[in-house]
1. What lysines could a cross-link reach from LYS58, if we take a straight Cα to Cα line under 30 Å and drop same-chain neighbours fewer than 8 places away?
2. When the accessible area of the chain is split by element with a 1.4 Å probe, what percent falls to carbon and sulfur?
3. Any idea what Rg and Dmax come out to for the chain if you just take the C-alpha atoms, in Å?
4. Can you list the residues, at least 5 places off or on another chain, whose amide H is less than 5 Å from the amide H of VAL30, using H built in the peptide plane?
5. DSSP loop (so not H, G, I, E, B), at most 13 other Cβ within 10 Å: list which trypsin sites (Lys or Arg not before Pro) in region 1-107 pass both filters.
6. Hey, rough spin-label estimate for ALA173 and GLU55, points 7 angstrom out along Cα→Cβ, what's it come to in nanometres?
7. Apply the a/c threshold of 1.5 to the C-alpha gyration tensor of region 191-275 and tell me whether it is rounded, prolate or oblate.
8. Between ARG72 and ALA109, what FRET efficiency comes out of the Förster formula 1/(1 + (r/R0)^6) with R0 = 22 Å and r the beta carbon distance, rounded to 0.05?
Amino acid sequence: MQIQTVGVVGCGLMGSGIAQISAQAGLAVVVREVDEAQCQKGQGRIAGFLQKAVEKQKLAAEEKDRILGRIRFTTALADLASADLVVEAIVENLDAKRELFAALDGLCAPATIFASNTSSLAIGDMAAATRRPERFVGLHFFNPVPLMRLVEVVRTLDTAPDVFDAACAFGAAVGKTVVRAKDSPGFVVNLLLVPYLLDAIRALEAGVASKEDIDAGMKLGCGYPMGPFELLDFVGLDTTLYIADIMFHEFKEYRYSAPPMLRRLVAAGRHGRKSGRGFYDYAR
Ligand code: 3HC
């Protein structure tokens with residue numbers, strides 16, 4: 001079961017990265033977005049990233065064109081019908097994802113493998129919306145997808161072993177180190193990362209140190225590329241809150257409970273880099 005054509009649904013931050021690394025691996029990619037404007041925005045995001053790689057002399061200009069030439073954009077879901085693998089990277093909303101997969105189930109070949117890039121929702125809950133739960137996996141990439149070297153490949157109770165193997169092989173083919181996980185909230189990385197980020201906010205709330213000092217402590221003391229508050233702003237405070245709430249709902253444990261400061265910041269629209277302001281100010 002070799003994957004040659006990849007369908008990607010959603011071309012935001014994660015979808016564009018997944019489409020890009022698939023094309024960089026020489027695979028044919030079909031990206032579906034909701035309208036023409038979103039298709040163009042997605043293509044611009046990929047072209048921009050590749051252009052930066054050219055400027056950094058990490059990629060030849062002709063190679064950039066070849067990579068972009070492997071990605072076709074469409075607004076028609078039916079154009080994903082012949083993909084060997086469809087990776088979903090739309091909004092983190094279970095109903096929206098279930099609806100999408102039910103539609104894909106009716107359109108795609110019986111052999112097509114379905115994958116979700118969700119960071120927090122149960123893969124099994126999406127697989128149950130299709131008649132192919134055995135051909136369903138999680139493929140959890142990390143932001144920024146082209147630079148982060150990991151993908152978590154997630155199996156549900158129903159995932160067939162050969163489908164899981166094919167998904168792991170795909171992860172390796174697109175240049176990632178594969179970590180295998182079961183369909184448990186947060187998989188491996190967010191299970192450990194989310195309590196760490198929440199604890200950093202609790203430390204700030206308790207007045208242990210300033211956010212700058214906490215960030216410096218973790219960067220210089222532990223060798224992390226970003227401190228927790230820089231990472232919270234990078235991931236998105238709204239996204240972190242959303243994941244924390246799902247994990248708290250599942251485990252009912254204090255370490256997954258969102259500190260009041262996080263909820264207040266999100267309510268105030270301070271979502272991090274994407275909104276121009278989170279723990280830090282990005283206005284200029
Ligand atoms: N093309 C190719 N390479 C590029 C590039 C591009 N467009 N842009 C940057 N690079 C390369 C750089 O050349 C550099 O390579 P080098 O180390 O060989 O010199 C490397 O990528 C780092 O780039 P920069 O020096 O420009 O930037 P930074 O050093 O600030 O690194 C970062 C940026 C990679 C984002 C780094 O800060 C980092 O790793 N941060 C942590 C990110 C993280 O933890 N992500 C996971 C979030 S959790 C998640 O996604 C899960 C979800 O479920 C919440």
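1. LYS41, LYS176, LYS219, LYS274
2. 54
3. So, for the chain, Rg and Dmax equal 19.2, 57 Å respectively.
4. VAL6, GLY7, VAL8, ARG72
5. LYS56, LYS58
6. 3.3
7. Cα axes put region 191-275 in the prolate bin.
8. The pair ALA109/ARG72 has a calculated efficiency of 0.80.
The values are calculated or read from the model by the stated rules, or taken from the named source; none is laboratory data. Here the structure is a predicted model, which means the values were calculated and not measured. Cβ: placed from backbone, ideal geometry, glycine included. Neighbour counts: every protein chain shown. Heads up: the accessible areas ignore ligands, DNA and RNA and are worked out on the full protein's heavy atoms, side chains in. Shrake-Rupley method; radii C 1.70, N 1.55, O 1.52, S 1.80 Å.
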